[in-house]
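S.K.: My questions will all concern the structure given below.
The values are calculated or read from the model by the stated rules, or taken from the named source; none is laboratory data. Remember, predicted model here, so these are calculated numbers, not experimental data. Positions of Cβ are backbone-derived with ideal geometry, glycine not excepted, and every protein chain shown enters the neighbour counts. These accessible areas exclude ligands, DNA and RNA; they are computed on the full protein's heavy atoms, side chains included. Shrake-Rupley method; radii C 1.70, N 1.55, O 1.52, S 1.80 Å.
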Amino acid sequence: MNDFVLRAVIAAAVRVPAVNASFAGDAIIQYGSVNLSVAVAVEDGLVTPVIRDAQKKTLADLSLAVKDLATRARNKKLKPDEYAGGTITVSNLGAYGIEQFSAIINPPQAMIVSVGAIVKKPVVNAQDEIVVGQRMSVGLSADHRVVDGAVGATYLAELRKLIENPTLMLL
């Protein structure tokens, strides 16, 4: 599921390019490529290796890249340029059973997406029946000098649409 979420984060950033940016003192820099930082827990804390030009990667490419970078991060084999230059970060604590959390922005990036665990909850379906559904909390922390609430909400709405309808990522 993590690979699909990463793909959706990237696709939503392409569709709402204002989030793929940073604050540079007196200007906002908007990036043409999505350089996705992925938070990886390591013995000494946290590192965020970067998948460059992530919008050009297939789902399989993303999956391989994340696994490779995470393994090398945990084995302290990353080169400095492999954890620099990210434009947006994803932190996923769902594997630890954390349902929701607030992630801290990775400067100079303007935004980080926090992904929680998928949990079963009662939901009301289209026929107004209460059924068991699966829910995942996704949050966003943003530098409001770059990404204000309206832009952040637009991004999250796009991300939700993509996660709930993964075939849209094929278009």
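S.K.: Specify the residue that is farthest from A27 (Cα to Cα); the eligible residues are those in region 139-171 that are charged (D, E, K, R) and part of a loop (DSSP other than H, G, I, E, B).
M.R.: The selected residue is D148.
S.K.: Here's something else I'd like to know. Give just the number: which of (1) over 21 Å from D3 (Cα atoms); (2) polar (S, T, N, Q); (3) surrounded by fewer than 14 Cβ atoms within 10 Å (Cβ to Cβ) does N165 not satisfy?
M.R.: (1)
S.K.: Okay, moving on. Give me the residue from region 103-139 that is over 19 Å from A8 (Cα atoms) and polar (S, T, N, Q) and, out of that set, most open to solvent (accessible area, probe 1.4 Å).
M.R.: Q127
S.K.: Of all the residues that make up region 13-25, how many are surrounded by 20 or more Cβ atoms within 10 Å (Cβ to Cβ) and assigned to a helix (DSSP H, G or I)?
M.R.: Final tally of qualifying residues: 2.
S.K.: Tell me whether region 87-96 contains one or more residues that are in a helix (DSSP H, G or I), under 16 Å from I10 (Cα atoms) and open to solvent by 70 Å² or more (accessible area, probe 1.4 Å).
M.R.: No, region 87-96 contains no residue that is in a helix (DSSP H, G or I), under 16 Å from I10 (Cα atoms) and open to solvent by 70 Å² or more (accessible area, probe 1.4 Å).
S.K.: Take the residues in region 145-160 that are without any contact (Cβ under 8 Å) to a residue 60 or more places away in the chain and of a type outside the set (A, V, I, L, M), then tell me which one is surrounded by the fewest Cβ atoms within 10 Å (Cβ to Cβ).
M.R.: The qualifying residue surrounded by the fewest Cβ atoms within 10 Å (Cβ to Cβ) is G149.
S.K.: Okay, next question. Go over the candidates V113, V66 one by one and state the one that is in a strand (DSSP E or B), of a type in the set (A, V, I, L, M) and under 19 Å from D3 (Cα atoms).
M.R.: V113
S.K.: Would you tally the residues in region 75-87 being touching a residue at least 40 places away in the same chain (Cβ under 8 Å) and either of a type in the set (S, T, N, Q) or touching a Ser or Thr at 6+ places or on another chain (Cβ under 7 Å) (or both)?
M.R.: Qualifying residue count, region 75-87: 3.
S.K.: Among I10, I28, which is β-branched (V, I, T), touching a residue at least 40 places away in the same chain (Cβ under 8 Å) and open to solvent by 30 Å² or more (accessible area, probe 1.4 Å)?
M.R.: I28 is the lone residue from the list that is β-branched (V, I, T), touching a residue at least 40 places away in the same chain (Cβ under 8 Å) and open to solvent by 30 Å² or more (accessible area, probe 1.4 Å).
S.K.: Quick one: how many residues across region 31-48 are open to solvent by 20 Å² or more (accessible area, probe 1.4 Å), within 23 Å of A73 (Cβ to Cβ) and assigned to a loop (DSSP other than H, G, I, E, B)?
M.R.: Residues flagged as open to solvent by 20 Å² or more (accessible area, probe 1.4 Å), within 23 Å of A73 (Cβ to Cβ) and assigned to a loop (DSSP other than H, G, I, E, B) within region 31-48 amount to 7.
S.K.: Next up: Of the residues that sit in region 69-86 and are over 22 Å from I29 (Cα atoms) and assigned to a loop (DSSP other than H, G, I, E, B), which one is least open to solvent (accessible area, probe 1.4 Å)?
M.R.: Result: L78.
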